[in-house]
Amino acid sequence: MAKFEVPPLPYDYAALEPHIDTQTMQIHHDKHHAAYVTNLNNALEGNADLQSMSAEDIVKNLNKVPENIRTAVRNNVGGHVNHSMFWQIMAAKAGGEPTGALADAIKSSFTDLASFKDQFQKAAMGRFGSGWAWVIKDGSSLKIVSTPNQDNPMMDGQMPIMGGDVWEHAYYLKYQNRRADYLAAWWNVVNWPEIAKRFGK
Ligand code: MN3
């Protein structure tokens with residue numbers, strides 16, 4: 001019985017064009033995200049305790065996962081949680097600038113939005129191989145970190161409010177080896193109101 005399910009995209013596959021192309025969205029959501037969910041459900045087969053937990057709770061409590069399935073669970077529950085967030089923090093006709101308390105926190109933590117974006121891109125560019133760049137909430141301020149593979153800052157007790165996927169599958173069809181161009185374009189689809197909501201929690 002499949003416990004975890006891929007959430008539907010909150011917009012059309014083509015909604016993020018021209019910044020993120022339609023085919024990348026189709027493969028990324030329908031194939032990559034779906035595979036994480038399938039593999040997670042397979043790994044949890046027969047483990048009623050873990051099956052009754054939310055995906056976020058499993059991410060936060062990997063120590064409760066039996067060792068023989070821990071790596072599979074880590075990779076695939078991470079992939080599921082990371083992508084479930086990723087679809088939400090992007091939107092059509094988005095980008096621009098954050099407002100309110102989130103804008104204030106960016107200003108106090110990074111001086112201004114340009115410096116914030118610069119540091120985020122450095123973290124994303126500096127991640128060797130596959131992984132993510134993240135903005136985490138640390139009290140009333142913000143920090144930028146990056147993780148390898150499908151790890152999530154919640155695995156270290158941190159609260160991510162946004163994350164950028166820098167696996168090649170997120171950009172290779174349109175941008176090939178040009179990760180920097182993908183990241184520069186990505187700001188045009190960043191859904192600041194959704195990120196502000198996560199910051200407010
Ligand atoms: Mn991905």
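Laboratory data are not the source of any read-out in this text; all were calculated from the coordinates shown. Just so it is clear, the structure is predicted and the values come from calculations on it, not from any experiment. A quick note on method: Cβ atoms are made from the backbone with ideal geometry, for glycine too, and the neighbour counts reach across all protein chains shown.
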Looking at region 71-89, is at least one residue away from the ligand (no atom under 16 Å from the Cβ), touching a residue at least 60 places away in the same chain (Cβ under 8 Å) and not acidic (Asp, Glu)? no
How many residues of region 65-106 are under 20 Å from the mean Cα position of the chain (by Cα), assigned to a helix (DSSP H, G or I) and charged (D, E, K, R)? The answer is 1
Checklist entry - Is there a residue being surrounded by fewer than 13 Cβ atoms within 10 Å (Cβ to Cβ), within 17 Å of GLY163 (Cα to Cα) and within 16 Å of the ligand (Cβ to nearest atom) anywhere in region 24-31? => result no
Taking first residues from region 107-127 that are touching a residue at least 60 places away in the same chain (Cβ under 8 Å) and second residues anywhere that are in a helix (DSSP H, G or I) and surrounded by 15 or more Cβ atoms within 10 Å (Cβ to Cβ), the pairs with Cβ under 6 Å that are 6 or more apart or on different chains are GLN121/LEU183
Checked HIS28, HIS19 against criteria (in contact (Cβ under 8 Å) with a residue 60 or more places away in the chain and within 16 Å of the chain's Cα centre (by Cα)); the one match is HIS28
When ALA92 is run through (1) within 13 Å of the ligand (Cβ to nearest atom); (2) surrounded by fewer than 20 Cβ atoms within 10 Å (Cβ to Cβ), the failure sits at (1)
Does SER141 fit the bill of being over 26 Å from PRO18 (Cβ atoms), surrounded by fewer than 16 Cβ atoms within 10 Å (Cβ to Cβ) and over 12 Å from the mean Cα position of the chain (by Cα)? yes
Picked from region 107-125 (must be of a type in the set (D, E, K, R) and not in a loop (DSSP other than H, G, I, E, B)), the residue farthest from GLU194 (Cα to Cα) is LYS122
Go through the residues of region 163-183 one by one and say whether even a single one is away from the ligand (no atom under 16 Å from the Cβ), in contact (Cβ under 8 Å) with a residue 12 or more places away in the chain, under 14 Å from the mean Cα position of the chain (by Cα) and not in a helix (DSSP H, G or I).
no
